[in-house]
Amino acid sequence: MSSSLSSLVNTDVFLISGDAFLRTQKTKALATEIEKRSGGSLAHQTFNLDETPLETVLAAARTLPFFSSGQVIYAQGAGSLKEPDLSVLASYLEKPMSGTTLILEADDLKGASELQKLIKAKGQLILLAKEEARGAGATFIQQKLMQYQKTMVPGAKARILAMCGDAVMFLDTILERLVQFAGDQREIDEDMVNRFEENWTEMDVFKLTNALVDRDPARALKVFRDLMEFYEADLFSLVGILHWQLRQLWQAAMLLTSGVSEREICSKLRMSPSRLNALRRFPVERLESAVEALYQIDRKSKSGQVEGVSGLEAWLLEYTS
């Protein structure tokens, strides 16, 4: 990664779009390369453009902190920038502050073509594929295992990444729990991961899916609010795990429709028969509608179009009724 980044560090502005986990890895590597080139320690500031006006971010970009020769400013939520913010950004980029590197971040750049054109003309656009996120996830697993002096067989690693679905940001939480579950055992194999998953289905976020497929609105809301209040759960990670579990149910429904036996489906998808029974209460048409609605909540909450917590509560009430 460093060799590809070394040719970019003289750029004053970057726009990085893609999976949040991979963006974090990319920005860390980029900042390290920039500091290496600068020959000293740089100041770092992080802003969220859904909460902070662009003018405030650019004011910080134009002013170096005391006793600092340079700085890196991270501005998340850039995908929602529209006129007149784009004109303000273009004006800044005509004469960017020497010593400041501006790193804009976005989950999704759909509908942000003008922003992409601006960054391509003035800086560097980095689009991250989901496949890269999985590669970064595998690296993260290895680093975590080394931290706890454990090893993991390849099949178990693949299963852990599958459990995360598209929410690779949830990987750290899963690994922490799995390490605790492993106890003194040094090697984590597929059987342990399977037993861990069966055990974890009665804990935390999996309770939320159970309440959903049981069509129990009161329990679903209680579990959701407990997760947000007591566990300080990250909303986007919760949405990602919900999406993974519902997608797994959808895959099971498609296999059932094509004539695959329930026993084979449970083996193929590593599902318990009780989870498969949920399809009798949650037919495939409703499942597809729930997944699509969940995707829209995720997209709109990240762009500030809806408030994520209330949006997810409304979704739970609709699909548990």
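Just so you know, all these numbers are worked out from the coordinates, no wet-lab data involved. This structure is a prediction, so every number in the text was calculated from the model and none was measured. We place every Cβ from the backbone using ideal geometry, glycine too, and count neighbours over all the protein chains shown.
How large is the translational diffusion coefficient of region 2-128 in µm² per second when you combine the Kirkwood radius over alpha carbon pairs with Stokes-Einstein at 4 °C and 1.567 mPa s?
Details: Rh = 14.5 Å.
For the chosen part, D equals 89 µm²/s.
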Q) Pairs K36/K120; K82/K117; K28/K82; K82/K300: which are spaced more than 19 Å apart, C-alpha to C-alpha? A) K36/K120; K28/K82
Q. Amide H neighbours of N48 under 5 Å, counting only residues 5+ apart in sequence or on other chains, H built in-plane at 1.01 Å?
A. Q76
Q: Starting from the Cα of R62, step 7 Å toward the Cβ, then list every residue of region 85-110 with an amide N under 16 Å from that point.
A: 85-102
Q: Mind checking the full-extension length gain between L86 and L317? Use 0.36 nm per residue of separation minus the Cα-Cα distance, one decimal, nm.
A: 79.3 nm
